[in-house]
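Written below as structure tokens is the structure these notes are about.
Only the coordinates and a few stated rules stand behind these numbers; no lab work does. Given the structure is predicted, the values throughout are model-derived calculations rather than measurements. No Cβ is skipped: glycine too gets one built from the backbone with ideal geometry, and neighbour counts run over all protein chains shown.
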Amino acid sequence: MKRKGLTIRGKILLGFILEVFIFAVYGVYGIVTVQNSATKIGEWNRVIDPSLDAIKDLKLLVVNSQRLTFSFIYSPPQAPTLEDDKQALQNLHEQEYPSLKERITTLTGFWKDSSQVEQMEEAFQKIEVLIADQKVALSTFRTVDDRNDFLKISNMNQLVEDKLLPATSLILNDLDRIEQAKKQEKDVYHDDVVDSFQNLKLQTILLVLFITFTGLVLAWLVTNDIVLPIEKINTVIARLSRGELPEENEIDTIRNRNDEVGEIARSVYGLVSGLRSVAAFAESIGRKEYNVPFKPLSENDVLGNALINMRDNLVKMTALETRQNWANRGLAEFSRILRESSDDVERMADVVISELVTYLKANQGGFFIVREDEEGEQEPYLELVACYAWDKKRFLEKKIYKGEGLTGQVWQEGEMLYLENVPDDYVMITSGLGKANPNSILIVPLKAADVVYGVIELASFDRFEDYQREFVEKVAESIAATLAMLKNNEKTQRLLEESKMLAERMAAQEEQTRQYIEEMQATQEELAQRQLLAESKELVIYSNAVVLHVNKRFQITQSNNLASQVLYYTPEELKKMTLSELFASEAKYEEMRMQLSRGQSWRGIVTIRTKSGDELWVKILAGTIQNGESTEYMLVLDDINEVRMLHVN
């Protein structure tokens, strides 16, 4: 008699086929879910986060342009940072903004929301209008006279109030809206990923429920001798149906059997183990706990390997964010240190090197500064001004010349040097750190505007990571800028002192000349006095002053060689001229002429015209001299253009 319908073997086989199909569907669903999540995370990394960073950079650029524009407009003409602010603003217009615009434009090509793209294009148009107005400000105040022109000042104030301030505020508000929209888009992506994993978890539970149902059906179809083992398996599956994950040892005795029931038990055991590890791993990812160990069921475990790949990508993102935060905190801290200790180079070097060694968890550090002889008689050298080693300060006297050892080579080439696996005796020969024998050395030049102001040398028993080296380079740029500022301040102070000394020297020269003239007037009747007069005249003529002799009609009768050099007239041309032809101010000339005509001496500061048409500022001391029976006037002219320019600066 033939059996009708499906046999138990057939039903069981059909059930397993159905289970395999469900597993396949579940696997495909899991793969699609994980792949979609990975795609969203990738777009997050490639588009959203870079877009947020670029928008922040653009906001900072707008704020910096406003700050530099206001600094340029409202700074006094003698402000030392005026030209630097102008150059920085021009560099922002011509280089930084085009580069940032190109970067954002590239990113907007991947934006899905066309309204955001339009908003960004409108923001670019507003920024370019703002830049045009800022360029108007730059072109308006070209000279010192422009800054003293009331009309231009009034127009500039109106430009600031009517255009620059409102435009900047409007641009920042637009960028804030775009940035907020991107942040919301980022949050939506994050929620989608979390929901995907929640759905994956739900599908896992549904799969467990299906397996429970299949097990119950198969239990009724098998013979009584396998009912009890199936009931035990059913108990495990029932717990799974309630969302529980039973212990694997509950079916140890059944899964050791060498029959179909044992195979079922072993399958359930593997399912429980796999679901337990997958559920636990998925939950740990949802909690951002990425260090939880997880082993795929096999090399071909698509779901497990996909979860691991996703976990690794999230770990990389977290590590990158942690490093960026670490670098940003460090840069902010060292900027604060440089601001607070910029008045004392050695104190600044001491604080910077100690904090840098501690922040990098290194072992040793040295801070070298370039020392130069103002007269250029001695060769420049690096001087160790601060040293930090083994968490204890040590002050060492050390000089290193350009090209000498590793430190001198970095100074000469102006490029960072990084070494690993340093031999025991190598550091003492080629570096400036002393007797320590580290495993890695990092030497960074303190360079600003292609000028090296010093060198920082660090050593550690651990290697310096790439992000740490980049951080040290950025800190070195800030330190170099501070040193350059201090050096410029010292140079300005030195020029002021030289100006003061030059003024004192010219005052002494003026007093000496006055004494010469008084002596000549006091000794004009005696022969010995006439001899003294001749010697005094000769001394004056061959001194550093321009000397002119004029008659009572104020026609030039005699001049020294320096007069021809300064005024560009030959002695013959000067003898054909009257004194009034040299004076730029007729009032000054009349004042001097009246004083001398009354027999009195005269002194004053005037401008005179040279043959080339230039005007020179000179200090004149004039008096009457007796040359035999005739009376002449002698004028001593001191060129004070250099002193005047120093005072103006």
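Structural remarks
- The trypsin sites (Lys or Arg not before Pro) found in region 291-376 that occupy coil by DSSP, while having at most 12 further C-beta atoms within 10 Å, are Lys361.
- Estimated FRET transfer efficiency (Gln600, Asn155; beta-carbon r; R0 56 Å; 0.05): 0.65
- Ordered by the number of other Cβ atoms lying within 10 Å of each residue's own Cβ, fewest first, Lys552, Lys112 fall into the sequence Lys112, Lys552.
- For Asn627, distant residues with modelled amide H under 5 Å away: Glu632
- Close amide H pairs (under 5 Å, H built 1.01 Å from N) link Asn560 with Val547, residues at least 5 positions away or on another chain.
- Set Lys588/Lys611; Lys487/Lys619; Lys59/Lys86 screened for pairs whose C-alpha atoms are more than 23 Å apart: Lys487/Lys619
- In order through region 579-590: 3J(HN,Hα) via Karplus (6.51 cos²θ - 1.76 cosθ + 1.60), integer Hz, x for Gly, Pro: 5, 5, 5, 8, 6, 7, 10, 5, 5, 4, 5, 5
- Derived scalar couplings between HN and Hα for region 143-160 equal 10, 5, 5, 4, 6, 9, 7, 4, 5, 5, 5, 5, 4, 5, 4, 5, 4, 5 Hz in order, rounded to whole Hz, by the Karplus curve 6.51 cos²θ - 1.76 cosθ + 1.60 (θ = phi - 60°), x for Gly and Pro.
- The fraction of all Cα pairs in region 150-206 landing in successive 10 Å bins from 0 to the largest distance is 20, 20, 17, 15, 12, 9, 6, 2, 0, given as whole percents.
- For region 599-643, the list of trypsin sites (Lys or Arg not before Pro) that fall in a loop by DSSP and count at most 15 other C-beta atoms within 10 angstrom reads Lys611.
- Rounded if a/c under 1.5, otherwise prolate or oblate - region 86-159, Cα gyration tensor axes: oblate
- When each of the peptides 51-60, 631-640 is scored by the mean number of other C-beta atoms lying within 10 Å of its residues, the order from highest to lowest reads 631-640, 51-60.
- Sorted by Cβ density within 10 Å, fewest first, the residues Arg103, Arg553: Arg553, Arg103
- Among the chymotrypsin sites (Phe, Trp or Tyr not before Pro) found in region 41-80, not one is both in a DSSP coil and sparsely packed, with 12 or fewer other Cβ atoms within 10 Å of its Cβ.
- Stokes-Einstein diffusion for region 552-649, with the hydrodynamic radius set to the Kirkwood value over Cα pairs and evaluated at 10 °C in a medium of 1.306 mPa s, equals 112 µm²/s.
- Mean shadow area of region 316-382, taken as a quarter of the surface of its Cα convex hull (nm²): 6.4 nm²
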